[in-house]
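Read through the structure below, which is laid out as structure tokens, and then see the notes.
The values are calculated or read from the model by the stated rules, or taken from the named source; none is laboratory data. Given the structure is predicted, the values throughout are model-derived calculations rather than measurements. With ideal geometry, Cβ positions are generated from the backbone for all residues, glycine too; neighbour counts draw on all protein chains shown.
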Amino acid sequence: MTGEQTRWMEATELHQRFLSGELSPVQACEEALWAIEEQEPQVNAFVAVYPERALEQARASERRYAQAASLGPADGVPTSIKDQFVTRGEPALRGSLLEDEGRLWAEDSPAVGRLRAGGAVFLGRTTVPEFAWKGTTDSRRHGVTTNPWSTGATAGGSSGGSAAAVAGGMGTWSIGTDGGGSVRIPAAFTGTVALKPTRGRIPLWPSSPYGALSHAGPMTRSVADAATLLDLVGVPDPRDGTHLAAASLATAGLGDGVAGLRVAYSPALGWDDQVAVDPEVAAHVARAVEVLADAGAEVTEVDPPVGDRATIERAFRLLWFTGAGAVVGAYGAGALDVIDPGLAEQIRRYADSSAADYLAAAAVRSELSRAVGVWHAGYDVLVCPTMPTPAFDARQQAPPGWPDPLWTSWCPFTWPFNMTEQPALSVPCGFTSAGLPVGLQIIGPRHEDALVMRAGQAFQQVTDWHRKHPDS
């Protein structure tokens, strides 16, 4: 390990210090690999680590910096990739025993390709629950992923390995996917930053069977890094016909603050009588809202028009689990007997859904998107808790005493915004008395990713929650 503690530096700082010659990409890579070696036995964030390849890439980056030929802000930055993305020359196991280790992909997913072209140092691939189906990260293939803040607690999911890696200094940043909260849930649980951008802001290939619910997103330790990573990977790719050109760069106007910004604060999305928000979580989120108000935001406590929770959750579950059924069905007869029993149960439950059922659920999604979109004409951003509870026992599938163990029930503040396709950012805003992180969620209208990042940056400019780490 180096004496510089490069593993806790932001990518933006690493890039500047690589440019000045104060630090080398090789130093940063070696320290990240050291952190992986130290923590992996307890945390289990990676399904594969490639130290020799990573060091080779770091040395190549070092040469570029020495020649004043840097490829940009990702050059030399230690990076991990969620094992849901495909990467040239590697298998994508997706947490499933159904996947073949011998199937090596011939090309990169768009985000992976952009990182490769930008000179990022690929440390390895991070754990996911089987086919990224739930809000915790455990699988028959790879076991349980835990939280660097408390290795008895879950890191969340489905991008739990990526969040654990970033939180533990096992790489500076990562790229994840989010179909119902999968970058934001683990960000809240691990005290990191993650953005689910507007759908289509980051191109996806292969296409997701979860359809319009599915997004890719940056996972970092700061909003500034998340904005940098979003701009890097959010460029058009011909393999994704749904990709949208950015309304503006996420890094543009990042430091403009929130003075005059109309902020809607909703403690529980109007579902207060149905969702038990942990008192410590509620208190930290309320204080975070006060920070935004003190920075000049015009805060109004008001709930968005998300409607009846049971109705939209039924629609989400049908869209989600019919998509999961399509994934598993491609592996043929007997696949349901091999996969996570919880996933198999839900696939069977929705197996008889008709095309009419699917279209009805899609209509619920469309109406929710319309209603919230219209409502946003009066509010620039919405803020609420990312999660109603802090991280819980990694061996459990739900918080203690939760009435329904299925992940959608205890993640009620994340998946609605996959339905609406809005950008949603999670930033750390405090710690419980047990030392577990709490997340604040900032949601904006579709295509206003830069505005959401600007609000998050304003919060981080006057707080230091994002600078804390398990060693501090």
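For the reader, a short list of remarks on this structure follows.
- Residue 112 meets all of the listed conditions (1) in contact with a helix residue (DSSP H, G or I) (Cβ under 8 Å, 6 or more places away or on another chain); (2) closer than 16 Å to residue 232 by Cβ; (3) surrounded by 21 or more Cβ atoms within 10 Å (Cβ to Cβ) but one, namely (1).
- Subset of segment 3-56 (residues that are assigned to a loop (DSSP other than H, G, I, E, B), in contact (Cβ under 8 Å) with a residue 40 or more places away in the chain and within 19 Å of residue 468 (Cβ to Cβ)): 9, 10, 45
- Failed item in (1) touching a Phe, Trp or Tyr at 6+ places or on another chain (Cβ under 6 Å); (2) under 19 Å from residue 237 (Cβ atoms); (3) crowded, with 23+ Cβ neighbours inside 10 Å, with residue 86 passing the rest: (3)
- Selected residue (only one of 259, 252 is of a type in the set (A, V, I, L, M, F, W, C) and within 12 Å of residue 449 (Cα to Cα)): 252
- Segment 331-363: number of residues that are free of Cβ contacts under 8 Å to residues at least 40 places away in the same chain, in a helix (DSSP H, G or I), under 21 Å from residue 132 (Cα atoms) and not acidic (Asp, Glu): 6
- Summed over segment 164-203, residues that are within 23 Å of residue 231 (Cβ to Cβ), assigned to a loop (DSSP other than H, G, I, E, B) and touching a helix residue (DSSP H, G or I) at 6+ places or on another chain (Cβ under 7 Å) total 11.
- Any hit, segment 352-368, residues being under 26 Å from residue 277 (Cα atoms), within 22 Å of the chain's Cα centre (by Cα) and surrounded by 14 or more Cβ atoms within 10 Å (Cβ to Cβ): yes
- Of all positions in segment 154-164, at least one carries a residue that is over 30 Å from residue 73 (Cα atoms) and of a type in the set (S, T, N, Q).
- Any hit, segment 111-118, residues being at pLDDT 95 or above and in a loop (DSSP other than H, G, I, E, B): yes
- Residue within segment 384-395 that is of a type in the set (D, E, K, R), touching a residue at least 40 places away in the same chain (Cβ under 8 Å) and in contact with a Ser or Thr (Cβ under 6 Å, 6 or more places away or on another chain) present: no
- Residue within segment 263-273 that is within 26 Å of residue 437 (Cα to Cα), modelled with pLDDT under 95, out of contact with any helix residue (DSSP H, G or I) (no Cβ under 6 Å at 6 or more places or on another chain) and surrounded by fewer than 21 Cβ atoms within 10 Å (Cβ to Cβ) present: yes
- Residue in segment 99-111 that is closer than 26 Å to residue 392 by Cβ and polar (S, T, N, Q) present: no
- Annotation note: Cβ proximity below 8 Å between a residue of segment 227-251 that is of a type in the set (A, V, I, L, M) and a residue that is at pLDDT 95 or above and surrounded by fewer than 16 Cβ atoms within 10 Å (Cβ to Cβ) (sequence gap 6+ or interchain) occurs for 232/72.
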